[in-house]
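Trainee: Handing you this structure, nothing more for now.
Quick note: the coordinates plus some simple rules give every number you see, no bench work behind them. Predicted, not measured: the structure shown is a model, and the values here were computed from it. Glycine gets a Cβ as well: all are built from the backbone with ideal geometry, and neighbour counts include every protein chain shown.
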Amino acid sequence: MTDVKMTVNGQPVLGQVEGRTLLVDFLRTDLKLTGTHVGCDTSQCGACLVHVNGAAVKACTMFAFEADGAEVTTIEGMAEPDGSLSRIQQAFQDHHGLQCGFCTPGMVMSAAALLKETPKPTEAEVRAYLEGNICRCTGYHNIIKAIMAASGQDVSAAVA
Amino acid sequence: MYAFEIERPTTIAEAVAALAADEAQALGGGQTLIPTLKQRLAAPETLVSLTAIPEMQGLCMSDEGALCVGAATTHARVAAEAKAFPALAALAGHIGDPAVRNRGTLGGSLANNDPSACYPAAVLGTGATIKTNAREIAADDYFQGMFATALEEGEIITEVRFPVPTTASYQKFLQPASRFALVGVFVAQYPTGVRVAVTGASEEGVFRWAEAEAALSADFGVEALAGLAVSPDGMIADLHGTSEYRAHLIGVLTKRAVAAAI
Ligand SMILES: Cc1cc2nc3c(=O)[nH]c(=O)nc-3n(C[C@H](O)[C@H](O)[C@H](O)COP(=O)(O)OP(=O)(O)OC[C@H]3O[C@@H](n4cnc5c(N)ncnc54)[C@H](O)[C@@H]3O)c2cc1C
Ligand code: FES
Ligand code: FES
């Protein structure tokens, strides 16, 4: 076991991990942050997406030890300080961007990474950015709509 | 996964020393290796991470005008910073998805030499030089068939030097399930001639299409490719496409690459 130290959602955390401990297992099992999901465990679906030093990564395809010293943000760190939903989360609710909700943490984290890079993305840019996020329920349309709306763009004309 | 230790050296010398141990293996971005470990297809005792080594990160221009890319540089960084070589930036920016690009590295892609990977086409298509901890390897000597390379046990790629072409384009026909190339073609024009490298198609991995190179070196235009075709013999056949289909795509994508490069 090796000691690891990182900042998760602004809080310093210490832990002990094996070499093979995945970041997603450290977050879910050791830190009990179960908002980050494991959909495929094979880097395909993006349900486990978190930010490491600001970059979107699949936490099922990174070792916890590799995040030693890093700043990690998970879905639990997305709400406003007063506990209300962030703009992106609220837009997912307003535009029915989720059904079962399993993919949603990864979708929200991807959306946040996209809007940081590209504050007003086109629909094509949103779709391209979500290449690695799979949703088996919604058909994506309302997810795209929610992200466009969260970026402050008018989606009233978009067909549901 | 079987149990192993991870080391994170900060210099190439330390990494090479750590890799000399029995059953030690390099870890780049882990985008290929971690899935392999999960399937228990590899059982290293130590993984030596190469992503905390500053001398293996980043891009620069050499005195000879080549673009040098540190082997542990992520695809996302190449996409953002390879301004001197836009076709390479575009290739890197279309590998997998954003999260894969934030972790996956140039060196990992080349060491793995997946027959459908994108970077091998750019490296062979530019005649790049692969620098390791021990030597320099010409692209034409480096790729030795599917998943096979000239690398020796414990040898690591530290940098790749891409001669910057006059103009170039990479055209990838997406295999939408894997997000790799079903077929990909890299065309690069130099004052000395044209190089054409094909990935995703051959059972021997990435290869140069000599007839197209000769035709395009004589006359760099789509018409120069009229009548040229690749034989389906030795092309990959799977549920995503027959060998005939892949051979056909090579011609189509080469034309698209030339059209885009002009
Ligand atoms: C969903 C998904 C989609 C993808 N799509 C594409 C695509 O479209 N095109 C494409 O080209 N690739 C694609 N990839 C592969 C991706 O580019 C990987 O990042 C790459 O193949 C491996 O790089 P890595 O840094 O992650 O290496 P790792 O997985 O860490 O290592 C791979 C192998 O290389 C060795 N290695 C790593 N670095 C070095 C080095 N510097 N020197 C010597 N050996 C080294 C390791 O020991 C291991 O054997 C995709 C991957 C995923 C998961
Ligand atoms: S669980 Fe990580 S990509 Fe699916
Ligand atoms: S809402 Fe169910 S998987 Fe996306």
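Trainee: How high is the relative contact order of region B:169-262, in percent, counting Cα pairs under 8 Å that sit 6 or more residues apart?
Mentor: 29 percent
Trainee: Quick check on region B:1-78: of the DSSP beta bridges with both residues there, what percent are antiparallel, nearest 5%?
Mentor: Roughly 30 percent of the beta bridges in region B:1-78 run antiparallel, per DSSP.
Trainee: Mind checking which lysines have their Cα closer than 16 Å to the Cα of A:LYS58? Skip sequence neighbours fewer than 8 apart in that chain.
Mentor: Partners within reach: B:LYS38.
Trainee: Continuing with this model, one more query. Normalised radius of gyration for chain A, please: alpha carbon Rg relative to 2.2 N^0.38 Å, two decimal places.
Mentor: Taking N as the residue count of chain A, the ratio is 1.04.
Trainee: Give me the percent relative contact order of chain A, please, defined on Cα pairs under 8 angstrom at least 6 residues apart.
Mentor: 23 percent
Trainee: Shifting gears a bit: Among B:185-194, B:78-87, B:147-156, how do they line up from the highest to the lowest mean number of other beta-carbon atoms within 10 Å?
Mentor: Highest-to-lowest ranking by the protection proxy: B:185-194, B:78-87, B:147-156.
Trainee: Hydropathy at least 0.5 by Kyte-Doolittle, axial extent at least 15 angstrom from the Cα trace: which helices of chain A, defined as entire DSSP H runs, fit?
Mentor: A:104-117
Trainee: Would region B:76-210 count as rounded, prolate or oblate if I go by the C-alpha gyration tensor, calling it rounded below 1.5 in a/c and otherwise prolate when a/b exceeds b/c, oblate otherwise? Intermediate values should be presented prior to the final figure.
Mentor: Values: a/c = 1.17, a/b = 1.06, b/c = 1.10.
Verdict is rounded for region B:76-210.
Trainee: For an R0 of 22 angstrom, estimate the FRET efficiency from the Cβ-Cβ distance between B:ASP22 and B:ASP238 and round to the nearest 0.05.
Mentor: In this case the efficiency is close to 0.05.
Trainee: Also, I was wondering about something else. Assign unit charges at the C-beta atoms only (+1 for Lys and Arg, -1 for Asp and Glu), then state the dipole size of region B:27-119 relative to its Cα centre in Debye, rounded to the nearest 20.
Mentor: Details: 6 positive and 7 negative charges, 75 e Å.
In debye, rounded to 20, region B:27-119 gives about 360.
Trainee: Antiparallel DSSP bridges in region B:5-163: what percent, to the nearest 5? Provide the component values of the computation, followed by the final result.
Mentor: On the way: 17 of 24 bridges.
Among the beta bridges of region B:5-163, antiparallel pairing accounts for roughly 70 percent.
Trainee: Can you sort A:SER86, A:SER151, B:SER231 from fewest to most other Cβ atoms within 10 Å of each residue's own Cβ?
Mentor: B:SER231, A:SER86, A:SER151
Trainee: Report the equivalent ellipsoid semi-axes for chain B in whole Å, largest first, defined as the square roots of five times the eigenvalues of the gyration tensor built from alpha carbon atoms.
Mentor: Details: eigenvalues 195, 87, 46 Å².
Equivalent-ellipsoid dimensions as semi-axes: 31, 21, 15 Å.
Trainee: Set Lys and Arg Cβ to +1 and Asp and Glu Cβ to -1, take the dipole of the protein assembly as shown about its Cα centre, and tell me which of A:LEU115, B:LEU88, A:ILE147 lies farthest positive.
Mentor: Going by the Cα projections, it comes out as A:ILE147.
Trainee: Which entries of B:LYS83/B:LYS131; A:LYS32/A:LYS116; A:LYS120/B:LYS255 show an alpha-carbon separation above 30 angstrom in the structure shown?
Mentor: Check vs 30 Å cut-off fails for A:LYS120/B:LYS255.
Trainee: Convert 20 °C to kelvin, take the viscosity as 1.002 mPa s, use the Kirkwood radius over C-alpha pairs of region B:167-261 as Rh, and evaluate the Stokes-Einstein diffusion coefficient in µm²/s, rounded to a whole number.
Mentor: Answer from the Stokes-Einstein relation: 163 µm²/s.
Trainee: Could you compute the net charge surrounding B:GLY108? Neighbours are other residues with a C-beta less than 13 Å from the C-beta of B:GLY108; K and R count +1, D and E count -1. Don't skip to the answer; put the middle values down first.
Mentor: Values: positive: B:ARG101, B:ARG103; negative: B:ASP114.
Within the 13 Å Cβ shell, the charges total +1.
Trainee: Further question: Quick one: dipole size for chain A, taken about the Cα centre, charges +1 on Lys/Arg Cβ and -1 on Asp/Glu Cβ, in debye to the nearest 20.
Mentor: Dipole size: approximately 300 debye.
Trainee: Shifting gears a bit: Per residue of A:108-116, what is the mean number of Cβ atoms on other protein chains within 10 angstrom of that residue's Cβ? Present the calculation step by step, with values, prior to reporting the outcome.
Mentor: On the way: counts 0, 1, 3, 0, 0, 3, 1, 0, 0.
Mean partner-chain Cβ count within 10 Å for A:108-116: 1.
Trainee: Mind checking A:58-70 for the average number of partner chain beta-carbons within 10 Å of each residue's beta-carbon?
Mentor: The per-residue average across the peptide is 5.
Trainee: Below 13 angstrom from the Cβ of B:ALA138, what's the summed charge of the other residues (Lys, Arg +1; Asp, Glu -1)?
Mentor: Net charge in that neighbourhood comes out at +2.
Trainee: Once the dipole of region A:1-122 is set up with Lys and Arg at +1 and Asp and Glu at -1 on Cβ about the Cα centre, which of A:GLY15, A:ALA70, A:HIS96 lies farthest towards its positive end?
Mentor: With unit charges placed on the Cβ atoms, the residue in question is A:HIS96.
Trainee: Over all residues in A:119-130, what is the mean tally of Cβ atoms on other chains that come within 10 Å of each residue's Cβ?
Mentor: 1
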